[in-house]
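So the structure is just underneath, and the comments pick up after that.
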Amino acid sequence: MLWSNIITTSVVLAGVPSALGYPGMGEQMAEIMSRQSDSDFDSTELIGDLLTVPDNKLTPTAADIKKILTGQGNPESTVSWSAPKLGSAACKKDTCCVWQYIVNDMVADFRGKSGRCTLWARKSVRLGFHDAGTWSKTTAAQGLPGGADGSLCSTDEINRPDNNGLQDICQKVNGWYDSWNKKGYPVTRADIIQMAATVATVVCPLGPRVKSYVGRVDVAKAGPPNLLPGVDQSADDLIALFRDKTIGPHSLTALVGAHTTSQQFFVNTTRAGDPQDSTPGVWDVLFYGQTLGTKPTPPRVFKFNSDIALSQHPQTAPEWKKFATAGGQQDWNEDFAAGYIRLSLLGVNNINSLTECTKVLPGRTGGFTPNDQSNLDKWLKTDDQSATAKKISNALHGGESLLGWLFSLVGGILGGLKKSA
C-alpha cells in the first residue's frame, strides 16, 4: 500500500493508551514511528514546474500528478476508449489519438506467443529507467541536463557501459520517432521512451496499468554520467542515490521489482540469459521472495548483489518482505505505479502542459498461468550452459512457448529437441 496510508494509521495508533497494547506492539510501533520520522521514506517532494505553479493555475492533469506525487492520488487507471480513425478530424482533435496507433505497434512487439512479455518489453522498461535516471537534485542545481528527455537514444549516452544491451531498443525508438514525425505527427523521443515503458509494464502479465503522459520535450544533450544504480552497490549507496532523485526507500523497493521479468546478459556473461526469478516475462512478486530466500529458488535464478543488499537493509527490508507475501501483488503494483510516475517525470519542467493518455494502453492481465511452466521448471533446475540450454533461454527471451520442446534431464544436463512444425 502507499506509505501515506501507513502514516495515517500510525498517527492514530500513537495516541492509543498503553493499556490497549498487545504483545509485540511496542516493537512494531517503534518500527512505524522510526519510519514516520524519516520524512523521505516515501518522498512527497514536488518536481519540475510543480514547484512553482500555484494550485489555482494547475491543469486537471497536473493537479492529479501532484496528488500522486504527494501520496494522495491513484497512480493506476482502467479508463479505455475506442480511438477514431487515424487522420480523421476527430483524431486530429485528440492529442492521444495518434498514440493509440503507436501503442498498437508496441503491443505487437511486446506480447509473446506464450503470453509472457518479450525482450522488447523488458528492454523498454529498462530504457525508461535509464533515460529518466540521469537526473538528480544535485546535478540539476548545477544547471546540468538529465531526466526523461529522450537523450539516451539521441546522443552518445547510449554508448556508456551502463546502457549495454539497450542499443537495439533505441533503434526501435528512433524508428518510431522517424516514422511518425515523417507522417506529420510531432511526437518526441522522450514520450516514446516513457510510453513504451508503461505499455511494456501492462503487457507483462499481472503488471499495473500506470497512468501515462505525453508532452515531454526532447533534449539533444547527454545527461550526467554515474547516476544509474550498479549491481554491486551497497544498499546505503543506492538509498542515497535515489534520495537525490526525490525517490525514497519505499519507492526504491517497489521500482527494483521490475527485475522480476528480466533475464540478465551482461552482469555475468557466463550465465547470459539466466532470469532473476522463476517466472521471467511475468510481472509477479516471486522476485521478492526468491531474492530474500523465503521462496524455493532453482539454480538458474540469478540474484544481483544490490538486490540482496536491499532485501536485508532496515529501511527497505520490511516493504520487501511485504511484497514477498501471497497478497503482495496489489500493494506492489500500486507502489510501483506511483514510483514510476515520479521517475518518468524527473527533469520534466512542463508538467503543467502534459496530457494524460492512459486510455491508449491495453488492459492488464489480472491472472496468468503459463501452460509451459513445467518445461520451464526443468530448465531452471539446471545450471547447464549448453547450446540447447541457450536456445531455450533465447526462446524465453523472445516470449516463445516452451511447449514445442521435448526435455530430458540427465545428471544435471538438459537436453532439448524442438518439434518440427
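The values are calculated or read from the model by the stated rules, or taken from the named source; none is laboratory data. All values derive from a computational prediction rather than experimental measurement. Every residue, glycine as well, gets a Cβ built from its backbone with ideal geometry; the counts of neighbours run over all protein chains shown. Just the protein is used for accessible areas: all its heavy atoms, side chains included, with ligands, DNA and RNA removed. Shrake-Rupley method; radii C 1.70, N 1.55, O 1.52, S 1.80 Å.
Data table
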{"item": "Within region 158-176, considering residues that are free of Cβ contacts under 8 Å to residues at least 24 places away in the same chain and more than 15 Å from PHE265 (Cα to Cα), the one surrounded by the most Cβ atoms within 10 Å (Cβ to Cβ)", "result": "ILE158"}
{"item": "Among residues of region 323-358, those that are surrounded by 18 or more Cβ atoms within 10 Å (Cβ to Cβ), free of Cβ contacts under 8 Å to residues at least 60 places away in the same chain and not small (Gly, Ala, Ser), counted", "result": "0"}
{"item": "Lone unmet requirement of (1) assigned to a helix (DSSP H, G or I); (2) within 30 Å of ARG364 (Cα to Cα) for THR139", "result": "(2)"}
{"item": "Subset tally (residues that are open to solvent by 10 Å² or more (accessible area, probe 1.4 Å) and either basic (Lys, Arg) or at pLDDT below 95 (or both)) for region 300-322", "result": "3"}
{"item": "Boolean, ALA220 is among the aliphatic types (A, V, I, L, M), more than 21 Å from LYS295 (Cβ to Cβ) and out of contact with any Leu (no Cβ under 9 Å at 6 or more places or on another chain)", "result": "yes"}
{"item": "Any chance GLY128 is small (Gly, Ala, Ser) and assigned to a helix (DSSP H, G or I)", "result": "yes"}
{"item": "Residue satisfying all of: in region 232-263; open to solvent by 10 Å² or more (accessible area, probe 1.4 Å) and within 16 Å of the chain's Cα centre (by Cα); farthest from SER77 (Cα to Cα) among these", "result": "GLN263"}
{"item": "Identity of the residue in region 280-299, without any contact (Cβ under 8 Å) to a residue 60 or more places away in the chain, in contact with a helix residue (DSSP H, G or I) (Cβ under 7 Å, 6 or more places away or on another chain) and assigned to a loop (DSSP other than H, G, I, E, B), that ends up most open to solvent (accessible area, probe 1.4 Å)", "result": "LYS295"}
